[in-house]
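Peer 1: Just dropping this structure here.
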Amino acid sequence: MHVPPLLDLCMHRVMSCIFADTLPSTSYQLNPDLSNRLFEEYCNIFDVKITRRIVKDICALLNVTKVDCSIWGHNRKELIILRNMNLVSLVLGSLTHLGPNKTDSHEPIKLDAMLKYCLNKTTLQQLSHLDLSSTNIKYLDGWVESISKLLPSLISFSVRRRELSLQEFGAVCSNFPNLRALDISDTGLTSLEGISNLTNIEILAIG
């Protein structure tokens with residue numbers, strides 16, 4: 001008989017208590033490692049109606065620093081959670097119908113406005129990893145320069161599976177000189193001109 005690890009059982013129990021409104025009141029906030037694990041558990045539960053009370057409890061209990069939005073359904077209230085958490089890592093999901101640029105997927109969005117709408121100031125200042133691979137939408141011209149002004153601490157960036165022009169790649173290299181990890185696989189790039197600007201690069205995914 002397979003017995004799940006105690007930590008997994010505890011995480012599931014905590015989330016069940018949050019959903020059932022039976023979690024004892026506490027002023028204690030969990031550490032980031034446990035918070036991130038619990039938030040992953042939360043994101044994998046889709047058969048419970050997410051209320052503002054549940055969102056409030058999650059924000060009060062969890063100190064989430066890493067979020068993967070690629071598995072979210074945007075009819076839920078995770079945007080409130082995003083605004084209340086101080087993140088260092090963010091994987092964005094589909095941006096269609098989310099934020100101030102509510103639009104059809106074929107229309108480009110103003111990415112910097114979207115980030116300012118979804119994230120708080122602390123997150124914008126300290127975010128070190130951003131993954132745009134799953135956004136499934138085009139951005140307005142100049143998006144690289146615009147987000148570089150918002151994200152001064154970014155050292156890891158992924159745009160895999162997105163079409164990336166030579167001009168945009170050059171802008172990434174010029175505007176994010178502190179990058180240590182860059183994923184440009186399956187972007188259609190035919191040249192790495194400008195890569196010499198990334199003097200701190202340690203991991204480069206191409207192909």
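Peer 1: Test of understanding: among LEU182, LEU150, LEU166, which residue is out of contact with any helix residue (DSSP H, G or I) (no Cβ under 9 Å at 6 or more places or on another chain) and among the aliphatic types (A, V, I, L, M)?
Peer 2: LEU166
Peer 1: Based on what the data block shows, is SER35 assigned to a helix (DSSP H, G or I), at negative phi and of a type in the set (S, T, N, Q)?
Peer 2: Yes.
Peer 1: Something else now. Residues being in contact with a strand residue (DSSP E or B) (Cβ under 8 Å, 6 or more places away or on another chain) and surrounded by fewer than 19 Cβ atoms within 10 Å (Cβ to Cβ): count how many of those fall in region 53-72.
Peer 2: Residues in region 53-72 being in contact with a strand residue (DSSP E or B) (Cβ under 8 Å, 6 or more places away or on another chain) and surrounded by fewer than 19 Cβ atoms within 10 Å (Cβ to Cβ): 3 in total.
Peer 1: Scan region 188-207 for residues that are under 24 Å from the mean Cα position of the chain (by Cα) and modelled with pLDDT of 95 or more and jot them down.
Peer 2: LEU198, ASN200, ILE201, GLU202, ILE203, LEU204, ALA205 - these are the residues of region 188-207 that are under 24 Å from the mean Cα position of the chain (by Cα) and modelled with pLDDT of 95 or more.
Peer 1: From the residues in region 38-49 that are within 20 Å of the chain's Cα centre (by Cα) and assigned to a loop (DSSP other than H, G, I, E, B), which one is surrounded by the most Cβ atoms within 10 Å (Cβ to Cβ)?
Peer 2: ILE45
Peer 1: Go through LEU164, LEU132, LEU154, LEU127 for me and flag whichever is under 16 Å from the mean Cα position of the chain (by Cα) and without any contact (Cβ under 8 Å) to a residue 40 or more places away in the chain.
Peer 2: None of the other options fit; the residue is LEU154.
Peer 1: Please go through region 143-162 and give me each residue that is surrounded by fewer than 18 Cβ atoms within 10 Å (Cβ to Cβ) and under 12 Å from SER133 (Cβ atoms), ordered by number.
Peer 2: ARG161, the sole residue that qualifies.
Condition check ((1) among the hydrophobic types (A, V, I, L, M, F, W, C); (2) out of contact with any Pro (no Cβ under 8 Å at 6 or more places or on another chain); (3) closer than 20 Å to SER134 by Cα) across all residues:
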{"site": "MET11", "(1), (2), (3)": "yes, yes, no"}
{"site": "THR22", "(1), (2), (3)": "no, yes, no"}
{"site": "GLN29", "(1), (2), (3)": "no, yes, no"}
{"site": "LYS49", "(1), (2), (3)": "no, yes, no"}
{"site": "ILE58", "(1), (2), (3)": "yes, yes, no"}
{"site": "LEU61", "(1), (2), (3)": "yes, yes, no"}
{"site": "CYS69", "(1), (2), (3)": "yes, yes, yes"}
{"site": "GLU78", "(1), (2), (3)": "no, yes, yes"}
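The values are calculated or read from the model by the stated rules, or taken from the named source; none is laboratory data. Please read all numbers here as calculations on a predicted model, not as lab measurements. Cβ sites come from the backbone with ideal geometry, for glycine too, and all protein chains shown count toward neighbours.
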